[in-house]
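Data block below; observations after.
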Amino acid sequence: MSSKLIRYVASLFGSFRDLVPIIVVIGFFQLVVIRQPIPNIGNILAGALLVAIGLSLFIRGLEMGLFPIGESMAYAFARKGSLTWLLLFAFALGFGTTVAEPALIAVAGKAAMIAAQAGVIDSTADAQSSYALGLRLTVAVSVGFAIVVGVYRILKGWPIQYLIIAGYCGVVIMTIFAPEEIIGIAYDSGGVTTSTITVPLVTALGVGLASSIKGRNPMIDGFGLIAFASLTPMIFVMAYGMLV
């Protein structure tokens, strides 16, 4: 058996192992608490198998593609020595990955539908599409801005805790003044941005950049970009709700 096949089998086994707690919880509450048989058990088992295979392929894809390209581009920009191009790349990376996030697309569409039902916007397809697109672009711009701040922090060696504390103070203040209808959406937007596409590339960028700069510790300085990517959407989306 080749080493690649062994690694894939180990990855597949690890994915099944990660799914076991979910299966145990669902089975316990369905059989012990609700005391009803699990409906469509065949479909559920087939779905669990597909999820495990998908997780294995996804993790392998990250290891082969997204992590290496993120780190290599960070090294390249650090060697180039151009702050402007590095910050432009950081913004474009944050914006581009966030716009493509499936979770954000789903949440924006659901928010537009609920807003139309509540009478906040017109109940037309165009109005809902425009609202969802505006929400997605707002979140994407905020994540691009967050990555720029995070990259600049790595370059300057600023402590991350002070920036995070200041950011969440801003979130609390804006929560007081923002419309109630947008607060929950804003908080959820901070979570859905850190999903399957954004996290691998942004993490690789931070670690690669910190590794390529003399005097920076990848463990201390390379991580933390995702925290900024979760923080700024809350501020930007509440501002979007106050303006729109």
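The values are calculated or read from the model by the stated rules, or taken from the named source; none is laboratory data. Because the structure is predicted, anything quoted here is derived from the model rather than measured. Here the Cβ is made from the backbone with ideal geometry for all residues, glycine too, and neighbour counts use every protein chain on show. Just so you know, the surface numbers come from the protein's heavy atoms only, side chains and all, with ligands and any DNA or RNA stripped out. Shrake-Rupley method; radii C 1.70, N 1.55, O 1.52, S 1.80 Å.
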* Structure fact -> Taking trypsin sites (Lys or Arg not before Pro) in a DSSP loop with at most 10 other Cβ atoms within 10 angstrom as exposed, one finds the longest site-free stretch of the chain at 36-213
* Asked: Considering the dipole of the range 124-244 built from charges on the beta carbon (Lys and Arg +1, Asp and Glu -1) around the Cα centre, which of 149, 178, 208 is farthest to its positive end?
  -> 208
* Structure fact -> Relative contact order in percent for the chain (Cα pairs under 8 Å, 6+ apart) equals 25 percent
* Restricting things to alpha carbons, tell me how big the range 1-119 is in terms of Rg and Dmax, in Å. => 21.4, 64
* Asked: Which value in deg cm²/dmol, rounded to the nearest 500, describes the helix-derived mean residue ellipticity at 222 nm for the chain, given -39,500 (n - 2.57) per DSSP H run of n ≥ 4 and division by the residue count?
  -> -27000 deg cm²/dmol
* Structure fact -> Calc'd 3J(HN,Hα), the range 128-139, phi into Karplus 6.51 cos²θ - 1.76 cosθ + 1.60 (θ = phi - 60°), Hz, glycine/Pro = x, comes to 5, 5, 5, 5, 5, 5, x, 5, 4, 5, 4, 5
* Structure fact -> Of 120-130, 229-239, ordering from highest average Cβ density within 10 Å down gives 229-239, 120-130
* Asked: Given a 1.4 Å probe and every protein chain left where it sits, what share in percent of the accessible area of the range 5-132 is carbon and sulfur?
  -> 72 percent
* Structure fact -> The computed P(r) of the range 111-244 puts the percent of Cα pairs beyond 21 Å at 45 percent
* So what J values fall out for the range 178-189 if you push phi through Karplus, 6.51 cos²θ - 1.76 cosθ + 1.60 with θ = phi - 60°, rounded to Hz, Gly and Pro as x? -> 6, x, 4, 5, 9, 4, x, 5, 4, 5, 5, 4
* Asked: Between the range 41-77 and the range 87-130, what is the C-alpha centre distance in whole Å?
  -> 25 Å
* **Dipole magnitude of the range 1-95 about its Cα centre (Cβ charges: Lys, Arg +1; Asp, Glu -1), debye to nearest 20** => 120 debye
* **Per residue solvent-accessible surface (Å²) - the range 1-105, probe of 1.4 Å** => 68 Å²
* **Given charges at beta-carbon only (K, R positive; D, E negative), |dipole| of the chain in Debye** => 900 debye
